[in-house]
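Since the structure comes first, as structure tokens, the remarks are kept for the end.
Laboratory data are not the source of any read-out in this text; all were calculated from the coordinates shown. Keep in mind the model is a prediction, meaning the values are calculated, not measured. All Cβ positions, glycine included, derive from the backbone under ideal geometry; neighbour counts span all protein chains shown.
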Amino acid sequence: MTSQPIAPQDMASSGSNIQYHGKVGDLFIIYLKYVIFSTLTLGIYYFWGEAQKRRYLWSQTSFAGERLEYTGRGMETFKSFMLFALAIIGIFIVLFFLFSMFLSVEIAPVVASYLITFSLLLLLPVGQYFALRYRLTRTSWRGVRGNLTGSAWRYMGRYWGSGILSVLTLGLMTPRLSTWLAIYPLSQTKLGNTPLEVTAKPGDAPYKSYILYYLFSIVFGVLVYFMIFAGMIMAFEIMAASGDPFAPSPQDIYAMLPPILGDLFFTAEGAVSYSTIMTLYILVLLVLPIITVFSCWWRAQMFRFLAGNLTLAGGQFRSDLTAPKLFRLVALNFLITVFSLGLLYPWTLHRTMRYIHGSLGYGPTEGLEDLVQNSDPRPSYGEGLAEFAG
């Protein structure tokens, strides 16, 4: 297939922002249809519902004044999922018979299940990469479709490598490692025959906001640990008061604790210090919004950092996402979800699309006139189980 240049159109900088034009009412209709048909089809409609949702969200997103288009179909992802599910069932049967030769009939299926579960978790990044590749190849702008090159296996190596290093460094290397992980799929993304250029370097990742988030995360973790422990003490005391012969007494618990913890939770008479327990609960409630603020600060900085280091066809992406904006988005979405029991999910999705897209920009746009369609092969299958993973 010969690459053909895109016909030039007006690419004024006034149309350079990435914008979302959707309406929350339209999303509610799509969501209601998804719930009804998924219930009637025992969940099978999920794949078609996701495709319809993406078609709407893509069509309501404009880049440089032109709307995106999503061409993925529910049947593609459904077929892929069924083939994947049948493969897993087949592998389980084979493993069951193999393990049955060496283990008892009761233990063999358990071992096979654990082995398959571990393998699926290990291959999760591969599924996510294939899912991203599928969605990009089904995304087009002015007739030019996207693509994701590179190796899903190499991404898996980075994914687990960054995770292991983050644990070994007690989370202190997370900004660098997160940037290192994000760089790979971004640098493999293309629109037409033009790759997305990434100039971000792991060493330049924002750290100041992360350190504050990190320190308050430790404080929050310690408080939550103490709060859970205090709840256990209260539960033991209730059990003892009800006459449960197996419930340990406060004195027994005190004797098993280090002196610092014992003095923190108990009075001189050995009774549980309820004032300390209530103080812990209050501190947790106070620290939670603080840690959320610092988390939003760091994530907003990371978003601006990555966006500001992306170029396409000579144009520079940018973002003005700030911590207050992100905090308002996260906090209100959380409250909406909790108090509506998830029924107002379309509203939270609408708010997220509006906030994130509204914070992005791109320019100058002149280089987009020279985009040509790519001849890269695109997968004919859907996302399989990765539809649920990412």
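Tabulated data for the structure shown
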read-out	value
Length gained when the stretch Ile44-Ser242 is fully extended (0.36 nm per residue, less Cα-Cα span)	66.4 nm
Amide H partners (placed H, <5 Å) of Thr194, local residues excluded	Val372
Fully extended contour minus Cα-Cα distance, from Ile93 to Ser375, at 0.36 nm per residue	97.5 nm
Hull volume in cubic angstrom per residue (convex hull over the Cα atoms of the chain)	213 Å³
Cross-link pairs Lys23/Lys79; Lys79/Lys201; Lys33/Lys325; Lys53/Lys79; Lys53/Lys208 - those with Cα-Cα distance over 29 Å	Lys23/Lys79; Lys79/Lys201; Lys33/Lys325; Lys53/Lys208
Among 56-68, 234-246, 30-42, 197-209, the order from most to least packed when residues are scored by Cβ within 10 Å on average	56-68, 197-209, 30-42, 234-246
The chain: DSSP helices with Cα axial extent of at least 18 Å and average Kyte-Doolittle hydropathy no lower than 0.0	24-40, 74-100, 108-122, 124-137, 152-168, 174-187, 208-241, 274-307, 323-339
Computed lengthening from Lys23 to Arg351, 0.36 nm per intervening residue step minus Cα-Cα distance	117.1 nm
Cα-projected label distance for Met232 with Ile336, points at 7 Å along beta-carbon direction, nm	3.9 nm
Residues Ile18, Ile164, Ile116 arranged by fewest to most Cβ contacts within 10 Å	Ile164, Ile116, Ile18
Pairwise FRET efficiency - Ile116 versus Val167, Cβ, R0 = 25 Å, nearest 0.05	0.55
